[in-house]
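Worksheet: one structure, shown below.
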Amino acid sequence: MPTDQPWDAELARARLHVVTGKGGTGKTTVATSLALALATGGKRVLLVEVEGRQGIAQLFDIPPLPYAEEHVAAAAGEGEVRALAVDTEAAMLEYLDMFYNLGFAGRTLRRMGAIEFATTLAPGLRDVILTGKVKETVTRTEARGRHLYDHVVLDAPPTGRIVPFLDVTRALSDLAKVGPVRGHSDGVINLVHSQDTRVHLVTLLEEMPVTETLEAIRDLDAADLRPGAVILNRVRPPRLPARSISSAADGRVDKNRIRDGLSSAGLDLRLEELEGLVEETVEHAVRVDAEARARARLDGTDLPVLELPELTEGVDVAALYELAEALNAQGAGGSRVS
């Protein structure tokens, strides 16, 4: 893994870190690992999910999270990660009570099914409620005026939906010209379009995820939303010298040379074993060559690029800390874990 620090000063200053990625790229794992990395050194970080999948609870092997901010992990240097699974109905009731003093009436509406009806009739309203709750956690302060959370990490919807999800409040604000809804919408707009927010894109070094990542970056730029870092997940080290990749990918592998090298090391393979090894070598070279071309496409974005290793034994709590250390080594959290 790289030990330079592509996580630059602008990323370090952000308070809301939105993590998105094509389905299957591991964005929830990356978001969780990023929260642990950002909590390094005594910081308090809130990890938020909004898709109702309870992915955070599954990663930490704990019961489903309620609609409450709960401690889920400690980080190096006495840091803390709390987690929140946002429930749309509960957030809407909170919203009605906060802005319209309709706590009791809101509960009545819930029993009538009116909340589900409203969010179904106006799908954008659901996203407004979700982003509004995230904004409230980012801006919440303690009695002395200090922000309660140093960072908030949002496990956001996939790249194909990230811009409508973040920018939906602007459309609603245009409809609501005055009152609490307008003030609420403006607050969310100001946050997601500010220097305090960065949208990080998780991808694999494969053609489709990279293409979707590049499209998402263009869409974020067009919507005046700020892309943060590109995080390459499940990066595998090459097993061949760089000078051999191109020829091996073209199928030019000297079977006799491989057999002689193995024999000199005391390994005598049967013909079918040798042919299988040659086939695997070609497949590996083809993959490495394709990954190099995918990486070159991402380098053209001029965004910071971080790498996370492939975890061959799966993802458990220990693996999350391992990934957090890899992010720390690249500057996330402000320092490298020793």
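Values in this text are rule-based calculations from the coordinates and carry no lab data. What you are looking at is a predicted structure, and each value in this text was computed from that prediction instead of being measured. We place every Cβ from the backbone using ideal geometry, glycine too, and count neighbours over all the protein chains shown.
Quote the charge dipole size of region 292-333 about the Cα centre in Debye, to the nearest 20; the model charges only the Cβ of Lys and Arg (+1) and of Asp and Glu (-1).
Dipole magnitude for region 292-333 comes out near 300 debye.
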Q.
Could you tell me the center-to-center distance, by alpha carbons, between region 27-53 and region 217-294 in angstrom?
A. 32 Å
